[in-house]
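Heads up, the thing below is written out as structure tokens.
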Amino acid sequence: MAILFQLIMGEGYGDWREVNEAPKKIQAVTAEDVRRAANTYLVKTNQAVAHYSRKGGAAPAAEDPALASVPEQMRPMVKQTLQKIASENDPEKLKKMVEQLQAQAGSVPPQAKAGFDLILERAQQRLAEIGKK
């Protein structure tokens, strides 16, 4: 598979035979060649500068304090699931989700328990919120 990708990339650059030729060409480049190219192209007249500023009061969103108990590697997945739950407006879908989560509760590994519990809690809260409407 790796060779296939190399051949495809080579063909994309003009010739699949480049797979065989590129290593020799790369080895032929000297430190002087790199210096000459840098002095030619990396000059102030070729420079592009971007300035980034944020509107006043548009501070980044604060981290949900409940995520502090969730292991770092699980936070992105838990955050994404919490966002999905918060945007769900169909009580039947949420009810089904809560039931599935409750059925899986006994088989959750200990390291995933904090994230799982938070997701279940937020799903139940959201179901209660939209159930009142």
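Which whole-angstrom value gives the distance between the alpha carbon centres of segment 72-91 and segment 95-133?
11
Among rounded, prolate and oblate, which fits segment 93-133 when a ≥ b ≥ c are the square roots of the eigenvalues of its C-alpha gyration tensor, a/c under 1.5 means rounded, and a/b larger than b/c means prolate? Don't skip to the answer; put the middle values down first.
Values: a/c = 4.39, a/b = 2.02, b/c = 2.17.
Oblate is the answer for segment 93-133, as a/c is 1.5 or above yet b/c matches or exceeds a/b.
Pop a pseudo-label 7 angstrom from the Cα along the beta-carbon direction at both Gln125 and Lys44 and give the gap in nm to one decimal.
Taking the simple label geometry, Gln125 and Lys44 are separated by 5.6 nm.
Rounded, prolate or oblate: which fits segment 1-75 when a ≥ b ≥ c are the square roots of the eigenvalues of the alpha-carbon gyration tensor, with rounded for a/c under 1.5 and prolate only if a/b beats b/c?
oblate
Once the other residues with Cβ under 15 Å from the Cβ of Thr40 are scored (Lys, Arg +1; Asp, Glu -1), what is the net sum? Please list the in-between numbers first.
Details: positive: Arg35, Arg36, Lys44; negative: Glu32, Asp33.
So the surrounding residues net to +1.
Taking 41 Å as R0, compute the FRET efficiency from the Cβ-Cβ separation of Leu7 and Arg36 and round it to 0.05.
0.80
Name the chymotrypsin sites (Phe, Trp or Tyr not before Pro) in segment 1-110 that are in a loop by DSSP and that have at most 16 other C-beta atoms within 10 Å, would you?
Tyr13, Trp16, Tyr52
Which order do you get for Val98, Val29 if you rank them by accessible area with a 1.4 Å probe, largest at the top?
Ranked from most to least accessible, the order is Val29, Val98.
Just the accessible area per residue of segment 28-133, please: how many Å² with a 1.4 Å probe?
Averaged over the residues of segment 28-133, the accessible area is 78 Å².
Within the chain, how many lysine pairs that are 8 or more places apart, or on different chains, have C-alpha atoms less than 22 Å apart?
Value for the chain: 18.
Please compute the alpha carbon radius of gyration of the chain, then divide it by the globular-protein estimate 2.2 N^0.38 Å. Two decimals is fine.
1.91
Given a 1.4 angstrom probe, I'd like the percentage of the accessible area of the chain that is carbon and sulfur, rounded to a whole number.
Within the chain, the accessible surface is 58 percent carbon and sulfur.
What residues of segment 91-121 lie in the reach of a label at Ser69, counting those whose backbone N is under 12 Å from a point 7 Å from the Cα along Cα→Cβ?
113-121
Please identify the helices of the chain, taking whole runs of DSSP H, that span at least 24 Å along their own axis as judged from the Cα atoms and have a mean Kyte-Doolittle score of -0.5 or higher.
Membrane-span-like by this rule: 113-132.
The values are calculated or read from the model by the stated rules, or taken from the named source; none is laboratory data. Bear in mind the structure is a predicted one, so any value in this text is a computation, not a measurement. In this analysis, Cβ positions are derived from the backbone assuming ideal geometry, glycine residues included, and neighbour counts consider all displayed protein chains. Side chains are part of the model used for accessible areas, which takes the heavy atoms of the whole protein and leaves out ligands, DNA and RNA. Shrake-Rupley method; radii C 1.70, N 1.55, O 1.52, S 1.80 Å.
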